[in-house]
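Below: one structure, written as structure tokens.
The values are calculated or read from the model by the stated rules, or taken from the named source; none is laboratory data. None of these values were measured; they are calculated from a predicted model. Every residue, glycine as well, gets a Cβ built from its backbone with ideal geometry; the counts of neighbours run over all protein chains shown.
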Amino acid sequence: MTDPLLSIRGLTVRVGKRSDAPSILDEVSLDLMPGETLGLVGESGSGKSTLGMSVLRLTSPTLTAGTSGRIAWKGQDILTMPNRKLRHIRGEEISMILQDPMASLNPVQSIGTQLKEALRRGGKRNLSAAAEAALAEVNIPSPAERLRAFPHQMSGGMRQRIVSAIGLAQDPELLICDEPTTALDATIQYQFLELLKALRAAHHMAMLFITHDFGVVARICDRVAVMYAGRIVETGPVAEIFSRPAHPYTKALLASVPSTSHAPHRLPVIEGAPPAVGHRPQGCPFHPRCAAASAHCRHAPPRTELRPGHTLNCWHPQEHPHEIA
Amino acid sequence: MKSPDRALRVVPSPETPPRAAPAGPAILETRRLGRAFKVRGGLLHALSEVTLACTPGTSLGIVGESGCGKTTLNRLLLALDQPTSGAVMFKGKDLSDLRGAERRAYRRAVQPVFQNPYSSLSPRMKVRRIIAEPLSASGEMTRSEVDARVIEVLEQVGLSADVANRLPSEFSGGQRQRIAIARALASRPELLLLDEPVSSQDISIQAQILNILKDLQEDYGLATLFVSHDLATVRFMCDEVVVIYLGQVVERGPAARICTRPDHPYTAALLAAALPADPAAPPTATPPMGELPSPLNPPSGCAYHTRCPFAQEVCKRDRPTLKETPRGQVACHRVTAEGWT
């Protein structure tokens, strides 16, 4: 079996150095194989963005100081790596697309200048031709003219495609996408996801796809990790998590998503709200909102592997009784 | 013609919930409503020829992407802006003609809930004052009546009475949106204008808010106008749906039919783009293509023809009119009363 590209073990991120400081991530572990797309799905405050930023050591100094555990990139620990070495990984081996392309792009530089800067770092020679090709690859019409344009002259969908072109300029092996389609209209989101799939195949990339949208996960991910209050509560292949979610949180969350194909009288809801940072309940963090909770749930839940690759941390896995694989 | 006093008395109250209210005369309707903005280089038609009606006990969905005119429509319905053609009618009277008691009756009967409860609630006011202000402003209630009403509406949205003494900053987004809904309910409105009320909420909170809104619809016979970009929430919330593209109605019909058998290619594209939480979902026959053209320089003929996989010569030349079909209304050259051609 091949080694994972990215292997995270026991990642804890606290707000500050003190061991009693509140934690945003608590003992998170995951593996990402070459070419694989892993979805990180959770509600706001679940820690999914902090996890994505930690992989490139881009969290704020307070959080960086409070980070412990191991993030192994092709066997080397990113958390202890010297900055000089990390600079070569950022952009060259691991790249990132964020939610708001206007915040990623420099408003006073032309698209061409920004794209060529990344291409130059990637060791490209004929920068103008390479930049045109890069824009053409992300379906920007008349790329030669567009190189002279500025970010404000473009639509949101086009800006996000330009950010992707810059992100891919150095041919990374891993692309971290943090809610890249959340600010886009539905029809534009659809097209952008199709483009990402094509780019993923052309560049043989792995992807870490952070989103709150199960529809997006279903569309683009191979595996999914469901996060709640700074922990991964369930992880498994997409087909399995969607058809047989076993953690009460995953199950309830999936059930509460409205659908165009049927309209229930009322949506099943999860009462209450996710805990704020520093207020994670003891034991299973979901137990105060969980319909299946018992006294056990005040203690750390066991990790169960239901089927190969499908694991969850729960005292009461919700396996459907009359389901046979 | 109803007198304003009479109009006030038909406001539903929680004591006498008119369950399954009959679809009576419209509370608010638009007649060929249009709004054009003067901009450099000409006129921007944000909204053209929109005719719709909000009747008691029904929920109307307005669906479209950013830039389609949803916000302009909402502002016109709230009398925050004046139409450049057509009219908005409140119980049969043109909004721009309402004065005095009639205008107050309209303000009281039509209440908005906005998308972002972080900007729609004053950070300096306690919840009690936020909710009580519209009641005190009417000057028709005593202080103790106002206080009782505040507690009553808080309970209707699932919040406890002690919330009234706290500031909005003490609440999460979901709780703030409940407070915003409570404020809208305080004056016993007949119609709620909901502009993307759950788009900024987390999934588990979305379901809670949507259920509360549906309870209000059913328990008090409230009419709602639900503006959204998301067909799935519209399917859950609404009886009827109006689909808008570049300021024009392209299709309307019952929500269940629109979400399963859309007539207009744009509706089909929106439906395909509403990604189901199901990795086994079959690929769509009508994938969305292209981007929204500039509303300053809209395409000739059918505004959607630049993105439509089924466009023909006629679509580039002639603007389709909104036709009646047994399934609703549609503005498309390729659709006839019998169906797709």
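Here B:V163 clears all of (1) touching a helix residue (DSSP H, G or I) at 6+ places or on another chain (Cβ under 8 Å); (2) assigned to a helix (DSSP H, G or I); (3) in contact (Cβ under 8 Å) with a residue 60 or more places away in the chain; (4) over 26 Å from A:H212 (Cα atoms) except the condition numbered (3). Taken together, the criteria place B:C302 among residues that are more than 8 Å from every other protein chain (Cβ to nearest Cβ), crowded, with 23+ Cβ neighbours inside 10 Å, at pLDDT 95 or above and over 19 Å from B:L60 (Cα atoms).
As a summary of the residue check, B:I151 satisfies the conditions (1) part of a helix (DSSP H, G or I); (2) touching a helix residue (DSSP H, G or I) at 6+ places or on another chain (Cβ under 6 Å); (3) buried (at least 21 other Cβ atoms within 10 Å of the Cβ) except for the one numbered (3). Taken over the range B:121-137, the criterion of being basic (K, R) and either crowded, with 22+ Cβ neighbours inside 10 Å or touching a residue at least 60 places away in the same chain (Cβ under 8 Å) (or both) is satisfied by no residue.
Residues checked against (1) loosely packed, with under 12 Cβ neighbours inside 10 Å; (2) among the small types (G, A, S):
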{"residue": "A:T260", "(1), (2)": "no, no"}
{"residue": "A:P274", "(1), (2)": "no, no"}
{"residue": "A:Q282", "(1), (2)": "yes, no"}
{"residue": "A:P288", "(1), (2)": "no, no"}
{"residue": "A:A300", "(1), (2)": "no, yes"}
{"residue": "A:R307", "(1), (2)": "no, no"}
{"residue": "A:C314", "(1), (2)": "no, no"}
{"residue": "A:P317", "(1), (2)": "no, no"}
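Among the residues of this structure, A:V233 does not count as one that is of a type in the set (A, V, I, L, M) and within 13 Å of another protein chain (Cβ to nearest Cβ). For the range B:231-238, indicate whether the set of residues that are in a loop (DSSP other than H, G, I, E, B) and either within 18 Å of A:V257 (Cα to Cα) or more than 7 Å from every other protein chain (Cβ to nearest Cβ) (or both) is non-empty. Checking the range B:231-238: at least one residue is in a loop (DSSP other than H, G, I, E, B) and either within 18 Å of A:V257 (Cα to Cα) or more than 7 Å from every other protein chain (Cβ to nearest Cβ) (or both). Set side by side, the residues A:I89, A:I111, A:I71 differ, and just one is of a type in the set (V, I, T) and in contact with an Asp or Glu (Cβ under 7 Å, 6 or more places away or on another chain), which is A:I71.
Restricting attention to the range B:172-211, the residues that are more than 17 Å from the chain's Cα centre (by Cα) and assigned to a helix (DSSP H, G or I) total 14.
Residues in the range A:246-260 that are more than 7 Å from chain B (Cβ to nearest Cβ) and in contact with a Gly (Cβ under 9 Å, 6 or more places away or on another chain): A:A246 only. Comparison of A:P321, A:P264 shows that the only residue that is at pLDDT 90 or above, of a type outside the set (S, T, N, Q), over 20 Å from the mean Cα position of the chain (by Cα) and more than 26 Å from A:L38 (Cβ to Cβ) is A:P264.
Among the residues of the range A:57-89, those identified as of a type in the set (D, E, K, R) and touching a residue at least 24 places away in the same chain (Cβ under 8 Å) are A:R57, A:R70, A:K74. Kindly establish whether A:L63 is surrounded by 13 or more Cβ atoms within 10 Å (Cβ to Cβ) and either of a type in the set (D, E) or farther than 23 Å from A:H203 by Cβ (or both). Answer is yes for this residue. Against the test of being of a type outside the set (A, V, I, L, M, F, W, C), farther than 27 Å from A:P34 by Cβ and within 12 Å of chain B (Cβ to nearest Cβ), the options A:S142, A:S128, A:S155 yield a single qualifying residue, A:S155. Within the range B:202-257, work out how many residues are crowded, with 22+ Cβ neighbours inside 10 Å, basic (K, R) and more than 30 Å from B:F37 (Cβ to Cβ). Adding up the residues that qualify gives 1.
Residues in the range B:153-175: is at least one under 30 Å from B:A331 (Cβ atoms) and within 12 Å of chain A (Cβ to nearest Cβ)? There is no residue in the range B:153-175 that is under 30 Å from B:A331 (Cβ atoms) and within 12 Å of chain A (Cβ to nearest Cβ). Taking the criterion of being closer than 19 Å to A:V28 by Cβ and either more than 14 Å from chain B (Cβ to nearest Cβ) or of a type in the set (V, I, T) (or both), would at least one residue in the range A:261-277 satisfy it? For the range A:261-277, residues closer than 19 Å to A:V28 by Cβ and either more than 14 Å from chain B (Cβ to nearest Cβ) or of a type in the set (V, I, T) (or both): present. Set side by side, the residues B:Y220, B:Y245 differ, and just one is aromatic (F, W, Y) and in contact with a Cys (Cβ under 7 Å, 6 or more places away or on another chain), which is B:Y245. Mind checking which residues of the range A:121-157 are within 19 Å of A:M96 (Cβ to Cβ) and part of a helix (DSSP H, G or I)? Result: A:R121, A:A134, A:E137, A:P151, A:G156, A:G157.
Each row is one residue, and each column tells you yes or no for (1) outside any strand (DSSP E or B); (2) within 14 Å of chain B (Cβ to nearest Cβ); (3) modelled with pLDDT of 95 or more.
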position	(1), (2), (3)
A:Q282	yes, no, no
A:C297	yes, no, yes
A:L306	no, no, no
A:T311	no, no, yes
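When we screen B:E145, B:E140 for residues that are of a type in the set (D, E), exposed (fewer than 13 other Cβ atoms within 10 Å of the Cβ) and over 28 Å from the mean Cα position of the chain (by Cα), the only hit is B:E145.
One residue stands out in the range A:83-99 among those that are polar (S, T, N, Q) and not in a helix (DSSP H, G or I): the one that is nearest to A:A183 (Cα to Cα), namely A:Q99. In summary, A:E92 fulfils each of the numbered conditions (1) under 28 Å from A:D222 (Cα atoms); (2) without any contact (Cβ under 8 Å) to a residue 12 or more places away in the chain with the single exception of condition (2).
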